Amino acid sequence: MKKEEKRLCKVHGKTIFSLRADGQWRCRKCCVEAVRKRRKVLKVKAVEYKGGKCIICGYSKCVDALVFHHRDKNTKEFGIGKNGYTRSWEKVRKELD
């Protein structure tokens, strides 16, 4: 059975769909957008959780400009960057703490 094929997406028109493990077909472009949206939501939530601004200078204009740094890299489980936001909120919160 093919794992990819061209189909019609209501949002993107004719594009490539992938077969998911649950047997559902999903537009690949829609998948990318869903991941991007989830990462953005988690980043905003993480910034709000840690006070909503830079703890050094107070900057708070653009969430995308804010980053998280570990005080002790030996205690780091994973990086809180673009890829760190694919984990659950509970795991992200634990790492932020």
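Can you give me the % of accessible surface on the chain that is carbon or sulfur? Probe 1.4 Å, all protein chains present, nothing else counted. Ligands and nucleic acids excluded, carbon and sulfur give 52 percent. In the context of the full set of protein chains, residues of the chain present 80 Å² of accessible surface per residue (probe radius 1.4 Å, heavy atoms only).
With the convex hull drawn around the C-alpha atoms of segment 55-97, the volume per residue stands at 86 Å³. For the chain, the Kirkwood hydrodynamic radius comes to 15.8 Å, computed from all pairs of different C-alpha atoms.
Only Lys, Arg, Asp and Glu carry charge here, each on its Cβ (+1 for the first two, -1 for the last two); on that basis segment 8-61 has a dipole of about 120 debye about its Cα centre. For segment 23-79, trypsin sites (Lys or Arg not before Pro) are listed when DSSP marks them as loop and at most 11 other Cβ atoms sit within 10 Å of their Cβ; the list is Lys61, Arg71. Only helical runs count toward this figure. For the chain, summing -39,500 (n - 2.57) over DSSP H runs of n ≥ 4 and dividing by all residues gives -10000 deg cm²/dmol at 222 nm.
A Förster radius of 30 Å, combined with the Cβ-Cβ distance separating Lys2 from Arg39, puts the computed FRET efficiency at roughly 0.55.
Remark: relative contact order (the chain) = 18 percent; criterion is Cα-Cα distance under 8 angstrom and separation of 6 or more residues.
The values are calculated or read from the model by the stated rules, or taken from the named source; none is laboratory data. Computed from a predicted structure; not experimentally measured. Virtual Cβ from ideal backbone geometry, glycine too; neighbours counted across all protein chains shown. These accessible areas exclude ligands, DNA and RNA; they are computed on the full protein's heavy atoms, side chains included. Shrake-Rupley method; radii C 1.70, N 1.55, O 1.52, S 1.80 Å.
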